[in-house]
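One structure is given below, encoded as structure tokens.
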Amino acid sequence: MSLIEIRGLTHVYSQGTPFEKTAIEDLDLTIESGQTVALIGHTGSGKSTLISHLNALLKPTAGTVLLDGEDIYASKAAIRQARFRVGVVFQYPEYQLFEQTVFADIAYGPKNLKLPQPEIDRRVRQAAGFVGLGEELFAQSPLELSGGQKRRAAIAGVLAMEPELLVLDEPTAGLDPAGREDLLEKLFAWRQARSATILLVTHDMSIANRCQRLLVMADGHIVMDGTPQQVFSREEQLVSIGLDLPAAARIARLLRQRGVSLPPAIYTTQQLGDAILALWGKGDGAC
Amino acid sequence: MLKDITLGQYFPGDTPVHRLDPRTKLILTFVYIVAVFLVGSWGGYGLVIAALAAVTAVSRIRPKALLRGMKPLIFIIIFTAVLNLFFTPGEDYLFRWRFIKITYTGVDRAISMVLRVMLLVSGTFLLTYTTSPLAITDGLERLLSPLKKLHVPVYEFSLMMCIALRFIPLLIEETDRIMSAQKARGADLETGTLPERARALLPLLIPLFVSSFRRADELALAMECRCYNGGEGRTRMKQLHMAWQDGAAFLLGALLVAGILLLRRLGI
């Protein structure tokens, strides 16, 4: 059974005013439980609007969002349920920190869930563990943490709610490469451990190609949907909507344009290396 | 959504009223306010209403917008009317029942007070509808610049106003974002008792404060990096120029005041 099912979703901002803008139009999407999905697209393609519907922050102009087959807008209780079952980490989540201590901040979500204190404790510790925040930081003010630590504390605040679907909007923006790698690994490890579902909104193709499924959005529609292999093999279309290819795919494309015969759908450095070495080994490459 | 709140209420346009120098408009608004208080006859009110209607028509502001601006003031308007209606002393009773008395003078005064308030409000609204907040600050700064001689930091005040105006939409956006983030963590801003709801605002206000300080810090740094060191000797990108239209506007303003005084004299 699909975890999320979106049918005919349309969202129009400021309807009925001169500033009217259609952000999403008649969009259908299903997300299966346990997948890691990447959502890529230009600024203004409707990604953020889409994810704000997954936990009922925005009301659709038309269409429905089903969570486990049930309409998340059906009632106030259903909306609340959706907020707890779908965790959303927005861009630059560190700006939402507000409590006096790191512990209390991570505990904010579980507290809103009205869980008993021991359970809150357990969840906070576990979430902090997942993102690699040591217990020695628990008593500190979240505002005193370093940038990377703040980001992880904010993400832990959502993890502690133990959502079934975790949505992250550009979770690695502004982090250095090592921090980015580290955070991604932690998120993927969390998903494995909890057998949850992850939806990553990203601009970074090297992140996108590590997910099982790739959604490409443009102008309020999902224009491509498939495995990274399928999506990245449609290079020309990606380029035409102005999206980047992963570095490896770009190199492969340039090599092909110069007449080097490389196999199709190369999008990781590993594949590129293998392909070039294979040519090298045969000795008929142009390099 | 918060985004839909209009602030500053400026309706961009390119009409003779929009093109007037902001200083002219500020002075004329002031003159207009004084004029409304000078009115001493029904004819005078007629003249002011005609003038207001003319400016509204020229500036292509929909009368509806002016009325909408009065919505928050409805209470004050009603209050003024009731107060004047029932508590004006006099003997020329229109209606009398036990302790409730309404006099003709009272009716007279109630209508003229309500008219006065509405005229004052719509006049100042016309100013903000046709002049961008930045132009108003600019104009104010120039008008107040003689106060510099008295060591009033006019330039700093206008800079503060500019920055405040610039940051309002940013803060609204930021509030929206933080609200979404906290709602995503299960914050409940809509239900609960009053103290509960007040407490529920903390997760909103604290990050907002923190980010405002951060923004202020960044802005100060950016200004310093560009060698900003106060108002002395700074030139401006948009020079204010008085043109013949401004002269004409002043003339019309003077005519309005003269007309009101004349009608008052004649008692029409």
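For the protein assembly as shown, what is the calculated [θ] at 222 nm in deg cm²/dmol (nearest 500), taking -39500 (n - 2.57) for each run of four or more DSSP H residues and dividing by its residue count?
Numbers: 21 runs with 300 residues, N = 555.
That calculation yields -17500 deg cm²/dmol at 222 nm.
Give the relative contact order (percent, whole number) for chain A; include only Cα pairs under 8 Å separated by 6+ residues. Walk me through the numbers before you get to the answer.
Working: 522 pairs, mean separation 59.0, N = 287.
Relative contact order, chain A: 21 percent.
Chains B and A together bury roughly 1800 Å² of accessible area, counting both sides, with a 1.4 Å probe on protein heavy atoms only.
Semi-axes of the equivalent ellipsoid for chain B, computed as √(5λ) from the eigenvalues of its C-alpha gyration tensor and ordered from largest down, come to 41, 31, 16 Å.
In debye to the nearest 20, how big a dipole does chain B give about its Cα centre with +1 on each Lys and Arg Cβ and -1 on each Asp and Glu Cβ?
Working: 31 positive and 20 negative charges, 83 e Å.
My answer is approximately 400 debye.
Highest GNM mean-square fluctuation among A:Ile79, A:Ile106, A:Ile155, for chain A modelled with Cα contacts below 10 Å: A:Ile79.
All Cα-Cα distances of region B:209-268, cut into 10 Å bins from zero to the largest, leave 17, 19, 17, 15, 18, 12, 2 percent in each bin in turn.
With a probe of 1.4 Å, find how much accessible area region A:246-287 has per residue, and write the answer as a whole number in Å². All intermediate terms of the calculation are to be shown ahead of the outcome.
Working: 2720 Å² over 42 residues.
Here the residues of region A:246-287 average 65 Å² of exposed surface.
Within the shell of other residues whose beta carbon sits under 13 angstrom from the beta carbon of B:Thr29, the net charge comes to +1, with Lys and Arg scored +1 and Asp and Glu -1. Counting only Cβ charges, +1 for Lys and Arg and -1 for Asp and Glu, the dipole size of chain A around its Cα centre is about 120 debye. Across peptide B:183-195, the average count of Cβ atoms from other chains found within 10 Å of a residue's Cβ is 6.
Please give the helix A:269-282 orientation as an angle from the longest Cα principal axis of chain A, in degrees from 0 to 90, rounded to the nearest 10. That works out to roughly 20 degrees. Rg/Rh for the protein assembly as shown stands at 1.10; both radii use Cα atoms, and Rh follows the Kirkwood definition. The residue list B:Pro12, A:Leu3, A:Ala156 was ranked by how far each Cα lies along the charge dipole of the protein assembly as shown toward its positive end, using unit charges on Cβ atoms, and B:Pro12 comes out on top.
Scanning residues 5 or more positions from A:Ile24 or on other chains, those with amide H under 5 Å from its amide H are A:His11, with H placed 1.01 Å from N in the peptide plane. In plain terms, the chain from B:Lys238 to B:Leu205 could stretch by 8.2 nm, reckoned as 0.36 nm per residue minus the Cα-Cα distance. Over region A:246-287, the Kirkwood radius and the radius of gyration, each from Cα atoms, give a ratio Rg/Rh of 0.92.
Note on chain A: GNM, Cα springs under 10 Å; of A:Ala128, A:Ala160, A:Ala77, the largest mean-square fluctuation is that of A:Ala77. For region B:2-266, with all protein chains present and a 1.4 Å probe, just round the carbon and sulfur fraction of the accessible area to a whole percent. Exposed carbon and sulfur together represent 69 percent of the surface.
Bridging of B:Lys183 to aspartates and glutamates at a Cα separation below 20 Å is possible for A:Asp71, A:Glu94, A:Glu99, A:Asp105, A:Glu162, A:Glu164, A:Asp169, A:Glu170, B:Asp4, B:Glu173, B:Glu174, B:Glu196, once same-chain residues fewer than 8 apart are set aside.
The values are calculated or read from the model by the stated rules, or taken from the named source; none is laboratory data. Treat the numbers as computed from the prediction; the structure is a model and nothing was measured. Heads up, the Cβs are rebuilt from the backbone with ideal geometry, glycines too, and the neighbour counts pull from every protein chain shown. All accessible areas refer to the heavy atoms of the entire protein, side chains included, with ligands and DNA or RNA removed. Shrake-Rupley method; radii C 1.70, N 1.55, O 1.52, S 1.80 Å.
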